[in-house]
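Enquirer: Below is one structure. I have some questions about it.
The values are calculated or read from the model by the stated rules, or taken from the named source; none is laboratory data. A quick note: this is a predicted structure, and the numbers were derived from the prediction, not measured. Cβ placement follows ideal geometry from the backbone for every residue including glycine, while neighbour counts extend to all protein chains displayed.
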Amino acid sequence: MFMRKILILGATGLVGQEVLKILEQRKFPVQELFLFASERSEGTKVFFRNQEYEVSSTYEEFIGKVDIVFGCLDEALSREIIPRFKEKSIVIDNSPAFRMDPEVPLVIPEINPHKIKEHKGIIANPNCSTIQMLVPLYPLHKKAKIKRIFVATYQSVSGYGKSAVEELKLELEYIAAEQMVSKFEDSVFPHQIGANIIPQIGRFNELGYTSEEMKMLNETRKIFDDDSILVSPTCVRIPVFYGHSEAVSVEFENPISVEEAKEILKNAPGVILCEKDQDYPVPVQVAGKDEVFVGRIRKDFAFENGLTMWIVADNIRKGAALNVVQIAELL
């Protein structure tokens, strides 16, 4: 097994920390490990395989010295930093910066692993809500071909990062003490999130869709390599710490029964099927799990060839960190 020199950009964030944990859990062949984060994290000590590593706030020293780079930065920093590594390293980027670049493969290992070999130094990790929706839909798509997807997401605050988790904790403390919750000056969200829901994730476009919703449309088409698929998404932030949930209705070109769908999903890679209606998955039960959980599969009354289902996954794990490590393993 080849040992690799690894760099994690954004090593102290939720996704970067989860990447470290998964690399250790899956015994990834790390020869040397380097960690980068913002100046606030300069000198922070991180333990990996019983060894202490120090976080650096300068990345230039690592250019040309590592084999694989895990990008766990925001979009703006990714656009600035990641192109500087792609000539001599392979970057697996978790941000939206390069997902729709035609030169960059957008990969879910359970669906299109063959795309990895097309990389030109950068491989993009899809959006968390897209990943968990498509992992179970892809085997159904191969059987009956998807025409349209209607999806409403219920997304946890961890999708926005550590600051959002801390904000929800603080608001819940205020609510538990029966104190008024006012919007904090440096709030992550446009409204109070504690004991509330917000039907906005990202910026609105001229059609009234948010950037998160457009990701689900555009990324689905790219990953499935089919621009004819229609996706109607509504993305909602809810006061849950970890785990995204999705109510998904799908129209297929060809007939597919509930029984056929369940049989396919029983054997689908990366999927756990909850067969009984009352055994539906919920976020607190899937936190820390690798798989995408599917339950409440039933015939959709609106379509002749339609199914409706409930999909839940840990957004920090399979929706981000695990998927990038799986890509690295395939490399």
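Enquirer: Answer yes or no as to whether LEU322 is surrounded by 16 or more Cβ atoms within 10 Å (Cβ to Cβ), of a type outside the set (Lys, Arg) and free of Cβ contacts under 8 Å to residues at least 40 places away in the same chain.
Expert: Here the answer is no, as LEU322 does not meet what is asked.
Enquirer: Right, next: Quick one: which residue in GLU213, GLU219, GLU246, GLU260 is touching a Phe, Trp or Tyr at 6+ places or on another chain (Cβ under 9 Å) and of a type in the set (D, E, K, R)?
Expert: None of the other options fit; the residue is GLU246.
Enquirer: Still on this model: Looking at VAL250, VAL231, VAL240, VAL236, which is the one that is within 17 Å of the chain's Cα centre (by Cα) and either assigned to a strand (DSSP E or B) or outside the structural domain of MET216 (by TED's automatic domain parsing) (or both)?
Expert: Among VAL250, VAL231, VAL240, VAL236, only VAL236 is within 17 Å of the chain's Cα centre (by Cα) and either assigned to a strand (DSSP E or B) or outside the structural domain of MET216 (by TED's automatic domain parsing) (or both).
Enquirer: Just the residues that are touching a Cys at 6+ places or on another chain (Cβ under 6 Å) and outside any helix (DSSP H, G or I), please, taken from segment 298-331.
Expert: Scanning segment 298-331 gives a single hit, ASN315.
Enquirer: On the given criteria, is GLU166 surrounded by 16 or more Cβ atoms within 10 Å (Cβ to Cβ) and among the charged types (D, E, K, R)? Can you show your working first?
Expert: Details: surrounded by 16 or more Cβ atoms within 10 Å (Cβ to Cβ): no; among the charged types (D, E, K, R): yes.
No; evaluated as a whole, the condition is false for this residue.
Enquirer: Restricting attention to segment 277-288, does a residue exist that is in the same structural domain as LEU140 (by TED's automatic domain parsing), in contact (Cβ under 8 Å) with a residue 60 or more places away in the chain and surrounded by fewer than 18 Cβ atoms within 10 Å (Cβ to Cβ)?
Expert: Looking only at segment 277-288, we keep the residues that are in the same structural domain as LEU140 (by TED's automatic domain parsing), and these are 277-288.
Next cut, in contact (Cβ under 8 Å) with a residue 60 or more places away in the chain only: 283.
Right, trim to surrounded by fewer than 18 Cβ atoms within 10 Å (Cβ to Cβ) and you get none.
No, every residue in segment 277-288 fails to be in the same structural domain as LEU140 (by TED's automatic domain parsing), in contact (Cβ under 8 Å) with a residue 60 or more places away in the chain and surrounded by fewer than 18 Cβ atoms within 10 Å (Cβ to Cβ).
Enquirer: Mind listing just one residue for me: the one in segment 192-225 that is touching an Asp or Glu at 6+ places or on another chain (Cβ under 8 Å) and of a type in the set (Gly, Ala, Ser) and, of those, farthest from GLY159 (Cα to Cα)?
Expert: The extreme case among them is ALA195.
Enquirer: Here is a follow-up. From (1) under 17 Å from LEU331 (Cα atoms); (2) modelled with pLDDT under 95; (3) buried (at least 19 other Cβ atoms within 10 Å of the Cβ), pick out the condition that doesn't hold for VAL46.
Expert: Result: VAL46 fails condition (1) only.
Enquirer: For a quick check of your reading of the model, give me the residue pairs whose first member lies in segment 170-181 and is without any contact (Cβ under 8 Å) to a residue 40 or more places away in the chain, whose second is assigned to a helix (DSSP H, G or I) and not basic (Lys, Arg), with beta-carbon atoms closer than 8 Å and at least 6 apart or on different chains.
Expert: The qualifying pairs are MET180/TYR174; VAL181/GLU171; VAL181/TYR174; VAL181/ILE175.
Enquirer: Six or more apart or on different chains, Cβ atoms under 6 Å: show the pairs whose first residue is in segment 116-130 and more than 19 Å from TYR242 (Cβ to Cβ) and acidic (Asp, Glu) and whose second is outside any helix (DSSP H, G or I) and modelled with pLDDT of 95 or more.
Expert: Within 6 Å, the pairs are GLU118/PRO105.
Enquirer: Could you tell me which numbered condition ALA261 fails, if it satisfies all but one of (1) in contact (Cβ under 8 Å) with a residue 60 or more places away in the chain; (2) buried (at least 19 other Cβ atoms within 10 Å of the Cβ); (3) within 18 Å of the chain's Cα centre (by Cα)?
Expert: Of (1) in contact (Cβ under 8 Å) with a residue 60 or more places away in the chain; (2) buried (at least 19 other Cβ atoms within 10 Å of the Cβ); (3) within 18 Å of the chain's Cα centre (by Cα), only one is false for ALA261: (3).
Enquirer: Ok, one more. Given the criterion closer than 29 Å to GLN17 by Cβ, modelled with pLDDT of 95 or more and not in a strand (DSSP E or B), identify the matching residue among PRO255, PRO269. Working first, answer last.
Expert: Working: PRO255 fails: closer than 29 Å to GLN17 by Cβ.
So the residue among PRO255, PRO269 that is closer than 29 Å to GLN17 by Cβ, modelled with pLDDT of 95 or more and not in a strand (DSSP E or B) is PRO269.
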